[in-house]
Amino acid sequence: MAPKKVVIIGSGPAGWTAAIYAARANLQPVVYEGAIIEKNRLQGTLPLGQLALTTEVENFPGFPDGVMGPELMENCRKQARKFGTEVVTDDIASVDLSRRPFKLTPREGEPFEALSVIVATGARANYLGLPSEERFKNRGVSACAVCDGALPRFRNKPLVVIGGGDSAVEEGTFLTKFASKVYLVHRRGELRASRIMQDRILKNPKVEPKWNSVVDEVLGDDKAGVTGVRIKSVNGGADETLQAAGMFCAIGHTPNTDFLKGQLKLNEKGYILWTKAGRTETSVPGVFAAGDVADDYYKQAISAAGTGCMAALDAERWLAANNLAH
């Protein structure tokens, strides 16, 4: 069997955009969109990516009235297939990037070869792991203030942010634009964020920190969604209930890079390292990275789609430069 010209691993905005561009360049891309298995459900890595787990998306250009996340991603998938993308509903379990062509081994089926690879497997948000948290995901529980903070359910209502690092401070500061009050719940007695960011949020009159505390339960009902959280002191103090319309987890993300087994250089946070400014090239020539698996800063659907486009163009030009595009 001849090697595939371009294999795209992942099926979020980055993966589908890469597929659309690669297909229109006659590169016959193959997308491994992920397997429909319990492991992927639990960690949020089912086909169609994180957006398929959200409800209304209001900040994606071209949809002035918003669009449902699953609908947006299904349309991206249809568009990629329209131009000839082959879609495989399976995971890539392992890769060998030390040889050429590259060797890819799916979870099911036989290993095969690829001339170029675009990794677009994303990064999954870290949650607390509470059953009540899982119950109210997308009904008041979120891991992205920029994505969801402006939604009507959160406007002019008290909100809770979990965490103490830069991400938590950024999320909390952003939410003060919409919330009536922001509770910042942190398990320690001081923030880990940079000093200037700490000063900014702690001086905001809308923000009330809850030190040395952790969330014990997310409260709510089927009609209203989240109505509050119960927090407990790590020092043995009394439990406290905070009335709130939403809870935002800002305790980091985990990039989905386990299958690479260290074959690509990662940054200090574990994200794939882009080795050239303004390009999607990785430490292995012919392997490109797009979306949140490499972007630890913006983490938005539109920026992921943009780097998906870039990765497809980078792959196309790399194949041409190495006389592999025919």
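Here are the numbers for the structure shown:
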item	result
Flag if Glu217 is closer than 27 Å to Ile302 by Cα and within 27 Å of the chain's Cα centre (by Cα)	no
Verdict on Gly270 being touching a strand residue (DSSP E or B) at 6+ places or on another chain (Cβ under 7 Å) and either surrounded by fewer than 24 Cβ atoms within 10 Å (Cβ to Cβ) or in a strand (DSSP E or B) (or both)	yes
So Arg77, is it surrounded by fewer than 20 Cβ atoms within 10 Å (Cβ to Cβ), under 20 Å from Ala289 (Cα atoms) and among the basic types (Lys, Arg)	no
Residue within the range 8-25 that is surrounded by fewer than 17 Cβ atoms within 10 Å (Cβ to Cβ) and out of contact with any Gly (no Cβ under 8 Å at 6 or more places or on another chain) present	yes
Breaking point among (1) free of Cβ contacts under 8 Å to residues at least 12 places away in the same chain; (2) among the hydrophobic types (A, V, I, L, M, F, W, C); (3) in the same structural domain as Ala93 (by TED's automatic domain parsing), for Ala238	(3)
The range 39-85 - residue that is free of Cβ contacts under 8 Å to residues at least 12 places away in the same chain and within 22 Å of Val119 (Cα to Cα) and, of those, farthest from the chain's Cα centre (by Cα)	Lys82
Tabulated pairs, the range 290-305, first at positive phi and modelled with pLDDT of 95 or more, second among the aliphatic types (A, V, I, L, M) and assigned to a loop (DSSP other than H, G, I, E, B), C-beta under 7 angstrom, 6+ apart or interchain	Gly291/Ala120
Meets criteria (part of a loop (DSSP other than H, G, I, E, B), modelled with pLDDT of 95 or more and among the small types (Gly, Ala, Ser)) for Ser283	yes
Subset of the range 134-174 that is aliphatic (A, V, I, L, M) and assigned to a strand (DSSP E or B) - its residue that is farthest from Ala245 (Cα to Cα)	Ile162
Yes/no for Lys299 being in the same structural domain as Gly189 (by TED's automatic domain parsing), touching an Asp or Glu at 6+ places or on another chain (Cβ under 9 Å) and either surrounded by fewer than 23 Cβ atoms within 10 Å (Cβ to Cβ) or assigned to a loop (DSSP other than H, G, I, E, B) (or both)	no
Positions within the range 89-99 being in a loop (DSSP other than H, G, I, E, B) and buried (at least 16 other Cβ atoms within 10 Å of the Cβ), in sequence order	Asp90, Asp91, Leu97
Number of positions in the range 9-57 that are part of a helix (DSSP H, G or I) and modelled with pLDDT of 95 or more	12
Odd one out for Glu86, checked against (1) in contact with a Lys or Arg (Cβ under 9 Å, 6 or more places away or on another chain); (2) crowded, with 17+ Cβ neighbours inside 10 Å	(2)
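Every residue, every condition in (1) surrounded by fewer than 20 Cβ atoms within 10 Å (Cβ to Cβ); (2) among the hydrophobic types (A, V, I, L, M, F, W, C); (3) closer than 17 Å to Lys299 by Cα; (4) touching a helix residue (DSSP H, G or I) at 6+ places or on another chain (Cβ under 9 Å), yes or no:
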position: Pro131; (1), (2), (3), (4): yes, no, no, no
position: Arg135; (1), (2), (3), (4): yes, no, no, no
position: Ala145; (1), (2), (3), (4): no, yes, yes, yes
position: Gly149; (1), (2), (3), (4): no, no, yes, yes
position: Pro152; (1), (2), (3), (4): yes, no, no, no
position: Lys157; (1), (2), (3), (4): yes, no, no, no
position: Val161; (1), (2), (3), (4): no, yes, no, yes
position: Val169; (1), (2), (3), (4): no, yes, yes, yes
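The values are calculated or read from the model by the stated rules, or taken from the named source; none is laboratory data. What you are looking at is a predicted structure, and each value in this text was computed from that prediction instead of being measured. Every residue, glycine as well, gets a Cβ built from its backbone with ideal geometry; the counts of neighbours run over all protein chains shown.
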